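Heads up, the thing below is written out as structure tokens.
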Amino acid sequence: MVDLKLQAGEQIIESLRKHPLIVVGQLIPFIVLDYIPYLLPNIGAFLESINPASAFSYVELFSFDNPWVSFIIGVYWLFVWMGAFGVFTNYFLDQWIVTNERIIIINQKSFWDREVGSLFLNRVQNVETDIEGFFSTILGFGTVSVESAGAEIGRVKMNGLSRPNHVRDLILKEVAKYHEKPLVPHIGL
């Protein structure tokens, strides 16, 4: 979590992340890649059945008892698990934080690259939700886009957000509350 410096009187209303099934869907390829080395003995047996008069045994070559095979599989698994950890890290560290004065956008791009920005509620012009497809509708996730006045940020999006209509309503409610705040009277001499 990023250490946030909140302004005086600023309170966190809600912290938002992507739907958990998004990360599960992104981890499925890594589960498949994790299983591939277990097919090596079968590949060795298949190659040996194609060429039975070979000078060496393919079964022994592709066996887990071969130290080179164990080393190569260990390095392979290291990269597969690093990729899976990267997906989980990206899921865990991507976040929107809605406060009573702004929306804080934390976007983890890679292991060593993170963007943190904020969009003040007085600049919010439009909030849109987009829920496309069967699974998004049934499971309740979609994209929330917030458009701002000014050229600094423009439009920010978060894909795969849980309960996007709730998030839109929450942001619009906080924008309305922000604009209803009484102004501090200016005392001039």
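The values are calculated or read from the model by the stated rules, or taken from the named source; none is laboratory data. Note that the coordinates shown come from a computational prediction; the quantities given were computed from them, not determined experimentally. Glycine gets a Cβ as well: all are built from the backbone with ideal geometry, and neighbour counts include every protein chain shown. In case anyone asks, the SASA skips ligands and DNA or RNA and just uses the protein heavy atoms, side chains included. Shrake-Rupley method; radii C 1.70, N 1.55, O 1.52, S 1.80 Å.
Say we look at segment 84-93 and pick out the residues that are touching a residue at least 24 places away in the same chain (Cβ under 8 Å) and over 27 Å from Ile13 (Cα atoms); which of these is surrounded by the most Cβ atoms within 10 Å (Cβ to Cβ)?
Ala84
Out of the residues in segment 121-134 meeting the condition of being touching a residue at least 24 places away in the same chain (Cβ under 8 Å) and open to solvent by 30 Å² or more (accessible area, probe 1.4 Å), tell me which one is farthest from Ile104 (Cα to Cα).
Ile131
Give the residue, chosen from Ser110, Ser70, that is among the small types (Gly, Ala, Ser), without any contact (Cβ under 8 Å) to a residue 40 or more places away in the chain, over 30 Å from Lys177 (Cα atoms) and in contact with a helix residue (DSSP H, G or I) (Cβ under 9 Å, 6 or more places away or on another chain).
Ser110
Given the structure, is Tyr58 within 30 Å of His19 (Cα to Cα), buried (at least 16 other Cβ atoms within 10 Å of the Cβ) and not aliphatic (A, V, I, L, M)?
It is false that Tyr58 is within 30 Å of His19 (Cα to Cα), buried (at least 16 other Cβ atoms within 10 Å of the Cβ) and not aliphatic (A, V, I, L, M).
Which of the following residues is open to solvent by less than 80 Å² (accessible area, probe 1.4 Å) and aromatic (Phe, Trp, Tyr): Trp81, Trp96?
Trp96
Is it fair to say Tyr76 is of a type in the set (Ser, Thr, Tyr), surrounded by 14 or more Cβ atoms within 10 Å (Cβ to Cβ), within 30 Å of Leu170 (Cβ to Cβ) and in contact (Cβ under 8 Å) with a residue 12 or more places away in the chain?
no
Mind listing whichever residues of segment 1-21 are within 25 Å of the chain's Cα centre (by Cα) and of a type in the set (Asp, Glu)?
Hits for segment 1-21 are Asp3, Glu14.
Can you tell me which residues in segment 127-146 are closer than 19 Å to Glu14 by Cα and over 17 Å from the mean Cα position of the chain (by Cα)?
Val127, Glu128, Thr129, Val146
Quick check on Val24: is it under 21 Å from the mean Cα position of the chain (by Cα), open to solvent by 80 Å² or more (accessible area, probe 1.4 Å) and modelled with pLDDT of 90 or more?
So Val24 does not fit the description; no.
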